[in-house]
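Worksheet: the structure to be examined is printed underneath.
The values are calculated or read from the model by the stated rules, or taken from the named source; none is laboratory data. Source: prediction; values computed, not measured. Cβ placement follows ideal geometry from the backbone for every residue including glycine, while neighbour counts extend to all protein chains displayed.
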Amino acid sequence: MNAADFRRIALSLEGAEESSHMGAPDFRVGGRIFATLASESQGYGNLMLTSEQQAEFVAERPELFLPIGGGWGKSGATHIRLAVANEDLLAGALRTAWKLRVEKNEKPGRRGRTAKPKQK
């Protein structure tokens with residue numbers, strides 16, 4: 001897999017849009033990021049997961065997933081090695097990050113475009 005595959009799969013998810021954050025391509029749903037290609041030059045895609053999801057992914061497939069360095073990684077941001085991934089693994093990982101973002105957007109008080117409007 002490569003960055004073009006990552007982009008294609010990310011954009012196939014319902015409501016997903018490509019944008020940019022600090023000059024790097026990102027993928028959003030409801031206006032909020034669920035994945036990026038900020039580490040594309042290093043051969044990685046990035047997934048915004050929970051720390052628990054990250055731990056499960058890394059434990060199950062350490063050759064494929066690794067935490068992003070620093071605080072982002074401690075919060076669940078995870079690299080996926082594109083050259084090691086296959087279509088099903090990449091799609092499943094992106095779907096997990098997308099679903100997490102959709103669920104967070106639906107929580108009351110979130111300002112994502114899919115959040116429910118506040119009652120007056």
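Scanning segment 57-86 for residues that are within 13 Å of residue 45 (Cβ to Cβ) and loosely packed, with under 12 Cβ neighbours inside 10 Å returns a single hit, 83. Every residue in segment 8-24 that is without any contact (Cβ under 8 Å) to a residue 60 or more places away in the chain and either part of a strand (DSSP E or B) or at positive phi (or both), please. Result: 17, 18, 19, 20, 21, 22, 23, 24.
One line per residue, one yes/no per condition, for (1) of a type outside the set (Gly, Ala, Ser); (2) within 17 Å of residue 8 (Cα to Cα); (3) out of contact with any strand residue (DSSP E or B) (no Cβ under 6 Å at 6 or more places or on another chain); (4) modelled with pLDDT under 95:
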residue	(1), (2), (3), (4)
30	no, no, yes, no
44	yes, yes, no, no
56	yes, no, yes, no
63	yes, no, yes, no
66	yes, no, no, no
78	yes, no, no, no
82	yes, yes, no, no
88	yes, yes, yes, no
119	yes, no, yes, yes
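Does residue 103 satisfy being more than 21 Å from residue 7 (Cβ to Cβ), at pLDDT 95 or above and either in contact with a helix residue (DSSP H, G or I) (Cβ under 7 Å, 6 or more places away or on another chain) or not hydroxyl-bearing (Ser, Thr, Tyr) (or both)? Against the criterion (more than 21 Å from residue 7 (Cβ to Cβ), at pLDDT 95 or above and either in contact with a helix residue (DSSP H, G or I) (Cβ under 7 Å, 6 or more places away or on another chain) or not hydroxyl-bearing (Ser, Thr, Tyr) (or both)), residue 103 qualifies. Looking across segment 106-117 at every residue that is modelled with pLDDT of 80 or more and of a type outside the set (Lys, Arg), the one that is surrounded by the most Cβ atoms within 10 Å (Cβ to Cβ) is identified as 106.
Taking residue 36 as the residue in question, decide whether it is surrounded by 19 or more Cβ atoms within 10 Å (Cβ to Cβ), under 12 Å from the mean Cα position of the chain (by Cα) and under 16 Å from residue 100 (Cβ atoms). It is true that residue 36 is surrounded by 19 or more Cβ atoms within 10 Å (Cβ to Cβ), under 12 Å from the mean Cα position of the chain (by Cα) and under 16 Å from residue 100 (Cβ atoms). Among residues that are assigned to a helix (DSSP H, G or I), acidic (Asp, Glu), out of contact with any Pro (no Cβ under 7 Å at 6 or more places or on another chain) and in contact (Cβ under 8 Å) with a residue 12 or more places away in the chain, residue 88 is not included. Remark: pairs (first residue in segment 33-46, more than 14 Å from residue 69 (Cβ to Cβ); second residue of a type outside the set (Val, Ile, Thr) and surrounded by fewer than 15 Cβ atoms within 10 Å (Cβ to Cβ); Cβ separation under 7 Å; 6+ apart in sequence or on different chains) = 33/21; 36/21; 36/24; 37/24; 43/83. Annotation for segment 46-55: at least one member residue is of a type in the set (A, V, I, L, M) and assigned to a helix (DSSP H, G or I).
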